[in-house]
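See below for the structure under consideration.
The values are calculated or read from the model by the stated rules, or taken from the named source; none is laboratory data. If you're wondering where the values come from, they're calculated on a predicted model, not measured in any experiment. Cβ placement follows ideal geometry from the backbone for every residue including glycine, while neighbour counts extend to all protein chains displayed.
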Amino acid sequence: MPSAEPEAILHYVHDPMCSWCWAFAPVLKQLQEQLPEGVEFRRLIGGLAPDTDEPMSEELREMVQGSWRRIQQHVPETELNFAFWTECVPRRSTYPSCRAVIAARQQGATFEPLMNTAIQRAYYTQARNPSDESTLVELAEEIGLDVHRFREALRSEAVEQTLEAEIAKAREMDVESFPAIVFENHKGTRPIPLVYTDVRPMIAAIEAALKKSAKT
């Protein structure tokens with residue numbers, strides 16, 4: 001029997017090296033656990049920063065570290081290890097980690113969130129650089145992936161095309177920053193306002209969107 005079409009889809013648009021996505025992770029878990037019946041949760045890679053071999057400028061380093069400090073103020077439970085900024089050579093390059101998440105997905109749907117979380121923990125708590133392929137391969141081994149398959153997929157045209165398609169879809173939904181949550185049903189799409197410390201307003205917004213669509 002084919003599975004029934006979901007009443008609605010909740011798109012989670014993110015980048016594994018987006019610091020606010022890391023801050024949102026605990027509430028995201030609650031959101032997934034409390035989704036109303038008939039709503040299907042889907043992850044979508046938004047792509048924050050294209051490939052580059054250039055180290056971050058001092059100005060950019062200060063900007064990103066400033067974002068980390070704002071997270072510490074607004075979501076104080078978020079673990080952030082500032083040793084990254086002295087022990088690694090930061091690059092404004094998140095597409096490699098985006099490809100890593102897609103490559104992990106190819107070996108089974110359960111590996112996608114595992115790889116995403118492994119990248120986040122490496123970057124934000126372990127002072128490891130997910131812009132480096134060597135780090136991504138280490139993480140693939142740590143979560144139990146076939147490393148040879150992973151390394152080949154990471155450089156493949158298929159993964160690149162998937163990344164481009166997901167970035168394009170995020171833009172079609174008018175997503176301009178990450179993380180973003182977009183509710184989609186037969187009437188179209190609408191953003192769900194994010195709350196980093198309380199899942200209840202987001203659940204209420206999703207339930208309201210469901211009720212509105214049921215009346216039309």
Kindly evaluate Ala204 against the criterion of being within 24 Å of Pro50 (Cβ to Cβ) and aliphatic (A, V, I, L, M). no
Please determine whether any residue of the stretch 78-97 is surrounded by 19 or more Cβ atoms within 10 Å (Cβ to Cβ), small (Gly, Ala, Ser), assigned to a helix (DSSP H, G or I) and without any contact (Cβ under 8 Å) to a residue 60 or more places away in the chain. no
Would the stretch 172-187 turn up any residue that is in a helix (DSSP H, G or I) and without any contact (Cβ under 8 Å) to a residue 60 or more places away in the chain? yes
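Here's the yes/no breakdown for (1) within 16 Å of the chain's Cα centre (by Cα); (2) farther than 27 Å from Gly38 by Cβ:
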| residue | (1), (2) |
| --- | --- |
| Ser131 | yes, yes |
| Leu136 | yes, yes |
| Val147 | no, yes |
| Arg151 | no, yes |
| Glu157 | no, yes |
| Thr189 | no, no |
| Ile203 | no, no |
| Ile206 | no, no |
Matching option when the condition is under 16 Å from Ala180 (Cβ atoms), touching a helix residue (DSSP H, G or I) at 6+ places or on another chain (Cβ under 8 Å) and among the basic types (Lys, Arg), among Arg43, Arg92: Arg43
Checklist (1) loosely packed, with under 14 Cβ neighbours inside 10 Å; (2) touching a Phe, Trp or Tyr at 6+ places or on another chain (Cβ under 6 Å); (3) not acidic (Asp, Glu) applied to Ser57, failing item: (2)
Residue pairs qualifying under the 6 Å Cβ cut-off, at least six apart or on distinct chains, with the first in the stretch 128-156 being under 21 Å from Val89 (Cβ atoms) and the second being part of a loop (DSSP other than H, G, I, E, B) and of a type in the set (Gly, Ala, Ser), are Ser131/Ser93
Take the conditions within 23 Å of Glu176 (Cβ to Cβ) and β-branched (Val, Ile, Thr) and apply them to Val101. Does it pass? yes
Restricting to the stretch 188-216, name every residue that is part of a loop (DSSP other than H, G, I, E, B), out of contact with any strand residue (DSSP E or B) (no Cβ under 8 Å at 6 or more places or on another chain) and touching a residue at least 60 places away in the same chain (Cβ under 8 Å). Val195, Tyr196, Thr197, Asp198, Val199
Checking Tyr123 against (1) buried (at least 16 other Cβ atoms within 10 Å of the Cβ); (2) in contact with a helix residue (DSSP H, G or I) (Cβ under 9 Å, 6 or more places away or on another chain); (3) at pLDDT 95 or above; (4) more than 25 Å from Thr86 (Cα to Cα), only one condition comes out false. Which one? (4)
Residues of the stretch 136-157 satisfying the condition of being in a helix (DSSP H, G or I), out of contact with any Pro (no Cβ under 9 Å at 6 or more places or on another chain), of a type outside the set (Asp, Glu) and within 27 Å of Glu77 (Cβ to Cβ): none
Out of the residues in the stretch 47-64 that are of a type in the set (Asp, Glu) and part of a loop (DSSP other than H, G, I, E, B), which is nearest to Phe178 (Cα to Cα)? Asp51
Based on what the data block shows, is Ser67 under 19 Å from the mean Cα position of the chain (by Cα), crowded, with 19+ Cβ neighbours inside 10 Å, hydroxyl-bearing (Ser, Thr, Tyr) and part of a helix (DSSP H, G or I)? no
Take Ile181 and decide whether it is touching a Leu at 6+ places or on another chain (Cβ under 8 Å) and of a type in the set (Val, Ile, Thr). yes
